[in-house]
Amino acid sequence: MHYHWDLAMVLADTDRWWHGIVITLLYSVATVVGGIVIGVFCGLALLGRKRWITLPLEGYVEIFRCTPLLIQIVWFYYALPILLNFSLPAWLAAGLGLTLYMGAFCTEIFRAGVMSIGRGQWQAGRALGMTYTRLMRRIVLPQAVRRMVPPLVNQSITQLKNTALLYVVAVPDLMYTSSIITAETYRPLEVYTTAAAIYFIMLYPLTLFAKRLETRVDR
Amino acid sequence: MTGEDDRHRPMIAVTDLVKNYGPVPAVRGVSLGVARGEVVVLIGPSGCGKSTLLRCVHLLEEPTSGTIRVGAQQITFGGGGKALVGRKLAAYRSRIGMVFQHFELFPHMTALQNVMEGPVTVKRMNRRAAADLARGLLAKVGLAGKEPSYPAQLSGGQAQRVAIARALAMSPEVMLFDEVTSALDPELVGEVLAVMRQLGEDGTTMIVVTHEITFARDIADHVLFMDGGAIAEHGPADEVLVRPANPRTRAFLSRFHHAGALRSAG
């Protein structure tokens, strides 16, 4: 079988490809940042002992960790409007799903990072006469953050790939753009290979970065 | 120097201290007084409550009942709720130095930063003064030149001496040592004990929990033998360690005699 590759035809509309890449990157950065903000607050709150705070937060984390992201996005777009009586625009429904999903994982990463700092370090800080806030800021967080960075980078890599799910609500990210170009050119081989290559080029340096961070933390 | 008044009014007084973990008693009504400049050594079998007692004095554990007086501050426990919280608790702890079995240096800070941390963060001392103080203390524990080292780069003995300097940097009224040589390789124990011996000679008020009986005899003004959460015997080091009256003290010490630990000293 001799397939004649025609990349030029597929790549002709450079603007459209760039647009898709920009949307993918924007969603990745915005939802990762949003997720980290959620993670810091929920993670800190989960460290406390007040059940009326921790119980709902644990519920949030488990619901978003244990259901498919695809369902969350579709649910915010198609199902939530029925409850609220008004519909969210596709870009918001998808962004909400992605952010809350990332937030659930970040909460867990943040909580686990702080918990990983041994009791002895807390006691050493207390023994010097530090209050809870000082102890957190000077002793616990500086150590915990170092341990959180590798899992956060890994989760961010996953998150960038997850933005491909924007496809289902027709937000024109890299994946959705590819499907449109395919429909117009009838060249799925070239289009999807190109899309995969672009994702790879964006993510491979990040994985190298994550690996380097991990070896540095081991030291 | 121990003045006549100080002798009558110890700088630390613990009265009827009780600590229960749920229904399990760890310390059952212990009373002790430590005069200014005095070195008190707590010995006893593991699980006898000596570490718990020490941690109660530092309020790392909240005593179940009893009173503790440090200097002019008297605290009574068991009145429902915590006796001290927040800033007051932190202020109390800042007056007492604690050295732990596993050092617990802050791994993200150099030796110098570890020692500076208390004065800078808690006492709001300016950085330059704190650095000078820290350098002086590191020199005092024999670690001049190790200022830029991180804890991971230090031997256990060096790390424990940094931990002692870190506690001293707060100019505590009393220093507590919780089995500080138990986690060290045998050849590193001596350097830590030497530092503690020097502190004792300098007139630092100390309560020391240790299994080093020979060392206890050298350094202690007063020895308390604890067993089953209570003080079974107490008195001057030479009496308790060499001519113990209580059969349980004798049984405990005989293990060390057999090991030859006291042969030269006894």
Could you list all residues from region B:171-186 that are out of contact with any Leu (no Cβ under 6 Å at 6 or more places or on another chain) and touching a residue at least 24 places away in the same chain (Cβ under 8 Å)? B:172, B:173, B:174, B:175, B:177, B:179, B:180, B:181, B:182, B:183, B:184, B:185
Taking the criterion of being surrounded by 17 or more Cβ atoms within 10 Å (Cβ to Cβ), more than 8 Å from chain A (Cβ to nearest Cβ), β-branched (Val, Ile, Thr) and free of Cβ contacts under 8 Å to residues at least 60 places away in the same chain, would at least one residue in region B:76-98 satisfy it? no
Considering only residues of region B:26-78 that are among the β-branched types (Val, Ile, Thr) and in a helix (DSSP H, G or I), which is nearest to residue B:254 (Cα to Cα)? B:52
Scan A:133, A:107 and give me the residue that is of a type in the set (Val, Ile, Thr) and without any contact (Cβ under 8 Å) to a residue 60 or more places away in the chain. A:133
Test for residue A:129: is it within 14 Å of chain B (Cβ to nearest Cβ) and in a helix (DSSP H, G or I): no
May I ask you to list the residues in region A:50-66 that are within 18 Å of the chain's Cα centre (by Cα) and either aliphatic (A, V, I, L, M) or closer than 14 Å to residue A:99 by Cα (or both)? A:60, A:61, A:63, A:64, A:65
Could you tell me whether residue B:170 is within 11 Å of chain A (Cβ to nearest Cβ), assigned to a strand (DSSP E or B) and surrounded by 14 or more Cβ atoms within 10 Å (Cβ to Cβ)? no
Can you tell me which residues in region B:58-75 are within 14 Å of chain A (Cβ to nearest Cβ) and among the aliphatic types (A, V, I, L, M)? B:59, B:60, B:70
Region A:132-141, subset at the interface with another protein chain (Cβ under 7 Å from one of its Cβ atoms) and surrounded by fewer than 21 Cβ atoms within 10 Å (Cβ to Cβ), residue nearest to the chain's Cα centre (by Cα): A:138
Can we say residue B:141 is away from every other protein chain (no Cβ under 14 Å) and touching a residue at least 40 places away in the same chain (Cβ under 8 Å)? yes
Residue within region B:105-128 that is more than 12 Å from chain A (Cβ to nearest Cβ), in a helix (DSSP H, G or I) and surrounded by fewer than 18 Cβ atoms within 10 Å (Cβ to Cβ) present: yes
Residues of region A:114-130 satisfying the condition of being crowded, with 19+ Cβ neighbours inside 10 Å and either of a type in the set (D, E, K, R) or in contact (Cβ under 8 Å) with a residue 60 or more places away in the chain (or both): A:114, A:126
Mind checking which residues of region A:145-186 are over 16 Å from the mean Cα position of the chain (by Cα) and not in a helix (DSSP H, G or I)? A:170, A:171, A:172, A:186
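We did not get these values from a lab; they are worked out from the coordinates using the rules stated. Owing to the predicted nature of the structure, the values given are computational and were not obtained by experimental measurement. Methodologically, a virtual Cβ is constructed for each residue, glycine included, from the backbone with ideal geometry; neighbour enumeration extends over all protein chains shown.
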